[in-house]
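Everything below concerns the one structure shown next.
No value in this document is a laboratory result; all are computed from the given coordinates. Predicted model only: the values in this text are computed from it and were never measured. Reconstructed Cβ throughout: ideal geometry from the backbone, glycine too, with neighbour counts over all protein chains shown.
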Ligand SMILES: [Zn+2]
């Protein structure tokens, strides 16, 4: 008979209570908080804004490039 080996659930050696780290400085913060201080929150907001701007610029470049390519293809098709 093939007996199923009893797999003992490995106990993860995590004694630390539920927590997370500040997304900016990495300090431990309560699980319902994202940042350790308003300063970090402000920094995060600023970073997100610059990221958004960066993304918008990237999208604009991609769109411009795509339009440029389409025009190139159209011009090539004509001749
Ligand atoms: Zn922080």
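Listed values, structure above:
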{"read-out": "Prolate/oblate/rounded call for the stretch 20-78, Cα gyration tensor, a/c under 1.5 rounded", "value": "prolate"}
{"read-out": "Simple label model, 7 Å out from Cα along Cβ direction - residue 37 to residue 75, nm", "value": "5.6"}
{"read-out": "Point-to-point label distance, residue 54-residue 66, nm (Cα→Cβ direction, 7 Å offset)", "value": "2.2"}
